[in-house]
Amino acid sequence: AVKKIINKIACFSPNHPDKLRDYVERREQEINKAKNSLEANLPALVSDFNLVSGKPGVRYFEGLEGVKKVLWDSLTTKGEILTYADIETIEKYISAMNKSYTNRRDELGLKKKVIFLDSPFSRSFLTTYHRQTTEMKLINYQKYPFSPIVEIYDNKVSYVTLTDDIKIGVIIEDKNINQLHRSLF
């Protein structure tokens with residue numbers, strides 16, 4: 001309704017019925033925005049709930065955007081990041097993302113210890129790899145083959161799997177699981 005004040009009297013006149021469509025579309029947009037916000041924040045809320053209830057907090061992510069969220073989560077650490085990685089897999093699937101990640105890690109001055117698979121590709125690639133913030137060791141890729149990325153930081157352990165068909169990431173927040181992985185590292 002349109003409101004007009006005439007001689008201190010409020011007069012209303014009806015709007016065109018098309019205004020109802022506009023109103024419904026605005027409400028739909030607001031609901032979609034709220035739904036997207038909920039979807040984006042729900043994993044963290046569930047994780048926090050699980051931590052409070054004594055269960056490990058687990059968050060699962062899919063696709064390259066999900067992988068990015070998992071990797072970038074380690075940039076929030078106040079300490080050192082411990083990592084297992086196959087640089088050949090990283091270069092094959094997320095080369096640009098890894099460059100951006102390592103540049104940001106360098107900017108933040110975050111130290112990282114990495115165990116890389118020792119292969120001819122790794123030896124060649126790692127000659128110029130972020131030595132100022134990264135301490136590296138190589139292990140025999142034939143004796144210990146793996147392709148997922150594992151990062152250990154704060155009270156978290158994250159896993160990233162990259163294949164032609166699968167690009168997923170998982171973050172587990174649990175001090176006991178973290179301590180196990182720190183000990184094994």
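Odds and ends about this structure:
- Number of positions in the stretch 137-169 that are farther than 12 Å from LEU82 by Cβ, in contact with a helix residue (DSSP H, G or I) (Cβ under 7 Å, 6 or more places away or on another chain) and either assigned to a strand (DSSP E or B) or at pLDDT 95 or above (or both): 6
- Test result for TYR84, open to solvent by 70 Å² or more (accessible area, probe 1.4 Å) and either farther than 17 Å from ASP174 by Cα or in a helix (DSSP H, G or I) (or both): no
- When residues in the stretch 65-81 are screened for being of a type outside the set (Lys, Arg), assigned to a helix (DSSP H, G or I) and surrounded by 14 or more Cβ atoms within 10 Å (Cβ to Cβ), 8 of them pass.
- Any hit, the stretch 72-79, residues being closer than 17 Å to ARG59 by Cα, out of contact with any Leu (no Cβ under 8 Å at 6 or more places or on another chain), at pLDDT below 95 and among the charged types (D, E, K, R): yes
- Considering residues of the stretch 126-144 that are among the hydroxyl-bearing types (Ser, Thr, Tyr) and closer than 27 Å to ILE171 by Cα only, the residue most open to solvent (accessible area, probe 1.4 Å): TYR144
- Screening SER147 on (1) polar (S, T, N, Q); (2) open to solvent by 40 Å² or more (accessible area, probe 1.4 Å); (3) more than 15 Å from the chain's Cα centre (by Cα); (4) more than 25 Å from ILE166 (Cα to Cα) shows it passes everything except condition (4).
- Among the candidates ARG59, ARG27, ARG123, ARG105, residue that is outside any helix (DSSP H, G or I) and either out of contact with any Pro (no Cβ under 7 Å at 6 or more places or on another chain) or under 29 Å from ASP174 (Cα atoms) (or both): ARG59
- Among residues of the stretch 10-27 that are open to solvent by 100 Å² or more (accessible area, probe 1.4 Å), those with a Cβ under 9 angstrom from a residue that is not acidic (Asp, Glu), sequence gap 6+ or separate chain, pair up as PHE12/ALA1; PHE12/VAL2; PHE12/LYS3; PHE12/LYS4; PRO14/ALA1; PRO14/VAL2.
The values are calculated or read from the model by the stated rules, or taken from the named source; none is laboratory data. Everything numeric in this text was worked out from a predicted model, so none of it was measured. All Cβ positions, glycine included, derive from the backbone under ideal geometry; neighbour counts span all protein chains shown. Side chains are part of the model used for accessible areas, which takes the heavy atoms of the whole protein and leaves out ligands, DNA and RNA. Shrake-Rupley method; radii C 1.70, N 1.55, O 1.52, S 1.80 Å.
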